[in-house]
Amino acid sequence: MWNFQTDPQYQELLDWADDFVREEVEPLDLIWPHLQFTPLDGKRRSVVDPLKERVRQKGLWATHLGPEHGGQGYGQLKLALLNEILGRSQWAPVIFGCQAPDTGNAEIIAQFGTPEQKERYLRPLLDGELFSSYSMTEPQGGSDPTQFTTSAVRDGDDWVINGWKYFSSNASTAAFLIVMVVTNPDVSPYQGMSMFLLPTDTPGVHIVRNAGLHGEAEGHGSHALIHYDDVRVPDTALLGGEGQAFAIAQTRLGGGRIHHAMRTIGLAQKAMDMMCERALSRETAGSLLSDKQAVQAFIADSYAQLVQFRLLVLYTAWEIDEYDDYKRVRKDIATVKVLMPTVLHDIAWRAMQVHGALGVTNEMPFLGMVTAAGVMGLADGPTEVHKTTVAKQVLRGYRASDDVWPTEWTPRKRDAARARFAEYLDLEVGNQ
Ligand SMILES: Cc1cc2nc3c(=O)[nH]c(=O)nc-3n(C[C@H](O)[C@H](O)[C@H](O)COP(=O)(O)OP(=O)(O)OC[C@H]3O[C@@H](n4cnc5c(N)ncnc54)[C@H](O)[C@@H]3O)c2cc1C
């Protein structure tokens, strides 16, 4: 059965969320930019906690998680519809309990964690009381995890971790880290890596630097270079068992990628809204910008890109709910990941152009969106690697021709068709 409708009760909640984000949450992006992952101080807490409470009362807190974890169990499709709204604002995902990278981290602790790990890390994470960081990329290579060298070696009942990790987002404000390390160098990396959960203040965890993105002041970035220097953790810090890191990473990154895509729809829609408003408001050379064919092409191309992207994201979210198996949905998640930077880049760029000089100033958000598009082409893996995944998955549905001529080679197909219908062809000839 196909159905492109949102049920009316949920639509009411989405309408509420849309107003709430515009009126109550977007202003936080202007007064406290980039502070959404910093533990709340007194002033911010007095504003943020009541907003979170209103979200909880509406039943929209961490909706994708099941009731056992404080959510509604609405799943990914409903989260997608909500995230489209939240994507407009940096603060909104935090206020609604579904911010990256914590959503992906929460999902793997919920799925693979022991009861003690859930109690210690998941519960406060879901309550929005602390943040987490995922520490996987290394300075010498991010796209290819088989190059990772950070290791954990058994020592009695403990493990001792040594090595370097790079771009561990939010590590400097996170209460705990999920780190992926080599635990058995003698087997394939796919079986020889494990994940550990550890508090950020564990002795030996040194945050050496925090890289900032374009536009952030030096020293104010949030992507940590971490030196793990003889970091001792107990056996109970293992997440999901020894050698399970790849399987867990697949779950985590699959979820993270689609959540980014959901929010990207919201950001691209915001750029689209600004482009259309400007086109209808600005007059030059005797007519409105909206009357110029070039601007109309910007609007049409943007709409076409956005609506295709949105449908694929919603469909992929539906597939995740339906199959409950990220591996099975891998092709479409990778396709979404490939499209995401281009869709946001193109729409933001056109919207910026329509705004003329104002568009490139720091009084408008367009260059931030263009930077965000660049980030999306790298975070959670570069576009090129995801294209390879898409191609490999697509090719699985095909097999090679066992003949020198392709299956659709017309002369052979025509001969076969003629042989099949020879009786009728002869009759036709006879009638002429
Ligand atoms: C904003 C941001 C946040 C991030 N957050 C985290 C985080 O929280 N935790 C974490 O662990 N990591 C994080 N990362 C790191 C991210 O996962 C890596 O940057 C990414 O996997 C690419 O690795 P790399 O930067 O080492 O690039 P490299 O692996 O050096 O790749 C560089 C380029 O080479 C090309 N390339 C690489 N491999 C292939 C291939 N197989 N085929 C064709 N071309 C290829 C691509 O053009 C690629 O962009 C974050 C990155 C960004 C930008």
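The values are calculated or read from the model by the stated rules, or taken from the named source; none is laboratory data. Every value quoted in this text rests on a predicted model; they were computed, and no experiment measured them. Using ideal geometry, Cβ is built from the backbone for each residue, glycine included, and neighbour counts are taken over all protein chains shown.
Structural remarks
- Any hit, region 59-77, residues being outside any helix (DSSP H, G or I), of a type in the set (D, E) and over 15 Å from F20 (Cα atoms): no
- Subset of region 58-71 [buried (at least 16 other Cβ atoms within 10 Å of the Cβ) and either more than 21 Å from E12 (Cβ to Cβ) or not small (G, A, S) (or both)]: L60, W61, T63, H64, L65, H69, G70
- Among the residues examined, K118 qualifies as surrounded by 17 or more Cβ atoms within 10 Å (Cβ to Cβ) and either touching a residue at least 12 places away in the same chain (Cβ under 8 Å) or out of contact with any strand residue (DSSP E or B) (no Cβ under 9 Å at 6 or more places or on another chain) (or both).
- Verdict on V343 being under 26 Å from N170 (Cβ atoms), of a type in the set (V, I, T) and away from the ligand (no atom under 16 Å from the Cβ): yes
- Qualifying positions in region 304-322 - surrounded by 18 or more Cβ atoms within 10 Å (Cβ to Cβ) and either outside any helix (DSSP H, G or I) or of a type in the set (D, E, K, R) (or both): R310, E319
- Just one of the listed residues (P234, P199, P203) is touching a Phe, Trp or Tyr at 6+ places or on another chain (Cβ under 6 Å), of a type outside the set (A, V, I, L, M, F, W, C) and modelled with pLDDT of 95 or more, namely P199.
- Number of the condition not met by Y228 [criteria: (1) within 15 Å of the ligand (Cβ to nearest atom); (2) under 25 Å from the mean Cα position of the chain (by Cα)]: (2)
- W164 vs. criteria part of a strand (DSSP E or B) and within 16 Å of the ligand (Cβ to nearest atom): yes
- Scanning region 122-145 for residues that are closer than 19 Å to W91 by Cα and either of a type in the set (A, V, I, L, M) or without any contact (Cβ under 8 Å) to a residue 24 or more places away in the chain (or both) yields L125, L126, E129, L130.
- Of all residues making up region 323-334, the number that are surrounded by fewer than 21 Cβ atoms within 10 Å (Cβ to Cβ) and at pLDDT 95 or above: 2
- Qualifying positions in region 126-145 - away from the ligand (no atom under 16 Å from the Cβ) and assigned to a helix (DSSP H, G or I): L126
- Scanning region 170-192 turns up no residue that is within 18 Å of the chain's Cα centre (by Cα) and modelled with pLDDT under 90.
- Residue satisfying condition, being surrounded by fewer than 22 Cβ atoms within 10 Å (Cβ to Cβ) and under 23 Å from V21 (Cβ atoms), within set A106, A100: A100
- Residue check, T63 hydroxyl-bearing (S, T, Y) and closer than 24 Å to F4 by Cα: yes
- Some residue of region 146-160 being within 12 Å of the ligand (Cβ to nearest atom), touching a residue at least 60 places away in the same chain (Cβ under 8 Å) and either hydroxyl-bearing (S, T, Y) or surrounded by fewer than 24 Cβ atoms within 10 Å (Cβ to Cβ) (or both): yes
- In this structure, G241 does not satisfy being assigned to a loop (DSSP other than H, G, I, E, B), within 30 Å of P365 (Cβ to Cβ) and away from the ligand (no atom under 16 Å from the Cβ).
- Hits in region 263-300 - residues which are of a type in the set (G, A, S), assigned to a helix (DSSP H, G or I) and either over 30 Å from A100 (Cα atoms) or free of Cβ contacts under 8 Å to residues at least 24 places away in the same chain (or both): A279, S281, S290, A294, A297, A300
- One residue from T388, T383, T371 being under 13 Å from the mean Cα position of the chain (by Cα), within 16 Å of the ligand (Cβ to nearest atom) and among the hydroxyl-bearing types (S, T, Y): T383
- Residue within region 111-125 that is within 11 Å of the ligand (Cβ to nearest atom), under 19 Å from the mean Cα position of the chain (by Cα) and under 19 Å from Q250 (Cβ atoms) present: no
- Here the condition is being surrounded by 15 or more Cβ atoms within 10 Å (Cβ to Cβ), in contact (Cβ under 8 Å) with a residue 60 or more places away in the chain and not charged (D, E, K, R); of V55, V25, V48, it holds for V25 alone.
- Verdict on F20 being in contact (Cβ under 8 Å) with a residue 60 or more places away in the chain and surrounded by fewer than 24 Cβ atoms within 10 Å (Cβ to Cβ): no
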